[in-house]
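Below is one structure; the comments refer to it alone.
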Amino acid sequence: MNFLPLKKIDRLILVEFIPFFFMGVVAFTLLMVAATLFRDMLNYVTNYGLSATQVGMFFVLALPQTVAYTFPMAILFAGLLTFGRLSDTEQITALRSGGIGFARIVLPVVIFAWFVVLATFLLNEKVAPQSTLAAKHYVQRVVMEKGLSIQEYDISYMDHEAGWLFAAREGEGSTFKDVKWWDFSRPTVMLTTADEGIWEEQGWKFINAKVVTILEGNVVRVMTSPELDMEIDRTPSDILSQSNRDPQEMSLQELNAIIHEPEPNGHTDAFLRKLKGTYWLKIAAPFASLVFILIAAPLGLTPQRSSSTMGIGISMLLVFLYYMLTTFAVKIAEQGAIAPVLAAWIPNGLFLLAGAWLNGRFYVRSA
């Protein structure tokens, strides 16, 4: 059999594929920004008076989380358009008539998809959680510098390194209502409650505080104070920016720490199942890039798949089906019907079967 040099085959495929991939990243990022971040940016401008520069800084810091979601979509989009265009220009036919098998033709984009999987893990684990947290912290700081405040409810913040948990019914600016502070850093557990927690330049002050210490032998010691200075080395903006974070915005390490944090933590079994589902989903979701390319290649080689509009439309439909299936599986896991790890991998497994069927069907038809 006659073979083109391997590098020439790879170059032929990747020169088409890579530009479409980055086009997909940009297109899907703009769509997701319009659906999510734009609403937040408009809120900060109209309600809190942030300038264009300040909103732009928030956008840059919050963008990595959005971009990470677009990688599998962009892989699907690029695969559909690349193989559609190569098929329309008869280049696929020329390669196959020269003895190049379908698996060899797809190989460069499969390898590229592997690198995208690794890049998604890196972005989700090392960049997006920190940048999203920085974006929230930045907005909180800017708003407080303007003499305004963002009101938050059901606040909860755990400092795993220091060993304490801060909770409040609501918080606005430097004042928090119905405050609770658990200290796990010492041999005896100590709970401090207060009607209000107020941040001053010198630190935190709890108003109408009650300190409950559980000693050895379950002996309880209670102390009350109208005002109590607290050694909590976190500002209101630190706590508010990290409170009630969406589990999707956390790293695997942060999720694992919350799942295994000491009692009492106030987490229900349903909430812990949700965290476990998110943990395994953050491991399984990046592999959607590999699954999608196995679907995109045979679909792209069918007639009338090379148009950008058609590619975006099919990509959005398949991605919608994938994430609907993911949501359904995760919801079932949250009810305790199936294990979270199984729920996280069900969408990839079903789409992998669909990809295998499409590839087998294409191979039979083209034989």
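The values are calculated or read from the model by the stated rules, or taken from the named source; none is laboratory data. If you're wondering where the values come from, they're calculated on a predicted model, not measured in any experiment. Note that each Cβ is placed from the backbone with ideal geometry, even for glycine, and that neighbours are counted across all protein chains shown.
Out of the residues in the range 135-153 that are of a type in the set (A, V, I, L, M, F, W, C) and farther than 23 Å from Ala74 by Cβ, which is surrounded by the fewest Cβ atoms within 10 Å (Cβ to Cβ)? By that ranking, first place goes to Leu148.
Can we say Ile295 is in a helix (DSSP H, G or I), surrounded by 14 or more Cβ atoms within 10 Å (Cβ to Cβ), under 22 Å from the mean Cα position of the chain (by Cα) and modelled with pLDDT of 85 or more? Answer is no for this residue. One residue stands out in the range 195-211 among those that are surrounded by 15 or more Cβ atoms within 10 Å (Cβ to Cβ) and under 35 Å from the mean Cα position of the chain (by Cα): the one that is modelled with the lowest pLDDT, namely Trp199. Contact map, the range 83-109: first residue within 13 Å of Leu294 (Cβ to Cβ), second residue among the polar types (S, T, N, Q), Cβ cut-off under 9 Å, separation 6 or more or different chains; pairs are Phe83/Ser306; Phe102/Asn359; Phe102/Ser366; Ala103/Asn359; Val106/Asn359; Val109/Thr82. Taking the conditions (1) outside the structural domain of Leu61 (by TED's automatic domain parsing); (2) buried (at least 18 other Cβ atoms within 10 Å of the Cβ) in turn, Thr132 satisfies each one other than (1). One residue stands out among those in the range 263-286 that are in contact with a Leu (Cβ under 9 Å, 6 or more places away or on another chain) and farther than 20 Å from Leu133 by Cα: the one that is modelled with the lowest pLDDT, which is Pro264. With respect to Val116, is the statement that it is crowded, with 17+ Cβ neighbours inside 10 Å, within 21 Å of the chain's Cα centre (by Cα) and among the aliphatic types (A, V, I, L, M) true? Against the criterion (crowded, with 17+ Cβ neighbours inside 10 Å, within 21 Å of the chain's Cα centre (by Cα) and among the aliphatic types (A, V, I, L, M)), Val116 qualifies.
When the range 328-346 is limited to residues that are within 14 Å of Asp269 (Cβ to Cβ) and modelled with pLDDT of 90 or more, the one that is surrounded by the most Cβ atoms within 10 Å (Cβ to Cβ) turns out to be Pro340. The residue that is modelled with the lowest pLDDT, counting only those in the range 231-245 that are buried (at least 18 other Cβ atoms within 10 Å of the Cβ) and in contact with a Ser or Thr (Cβ under 7 Å, 6 or more places away or on another chain), is Ser243. Applying the selection to the range 137-174, what residues are outside any strand (DSSP E or B) and closer than 20 Å to Val212 by Cβ? Selection gives Ala162, Gly163. Looking across the range 84-121, the residues that are over 30 Å from Ile283 (Cα atoms) and either assigned to a helix (DSSP H, G or I) or touching a helix residue (DSSP H, G or I) at 6+ places or on another chain (Cβ under 6 Å) (or both) come down to Gly84, Arg85, Leu86, Ser87, Asp88, Gln91, Ile92, Thr93, Ala94, Leu95, Arg96, Ser97. Inside the range 322-364, residues that are farther than 27 Å from Ile259 by Cβ and either in contact with a Gly (Cβ under 9 Å, 6 or more places away or on another chain) or in contact (Cβ under 8 Å) with a residue 60 or more places away in the chain (or both) make up a count of 9. Scanning the range 61-89 for residues that are under 26 Å from Ala354 (Cα atoms) and not hydrophobic (A, V, I, L, M, F, W, C) yields Tyr69, Thr70, Pro72, Gly79, Thr82, Gly84, Arg85, Ser87, Asp88.
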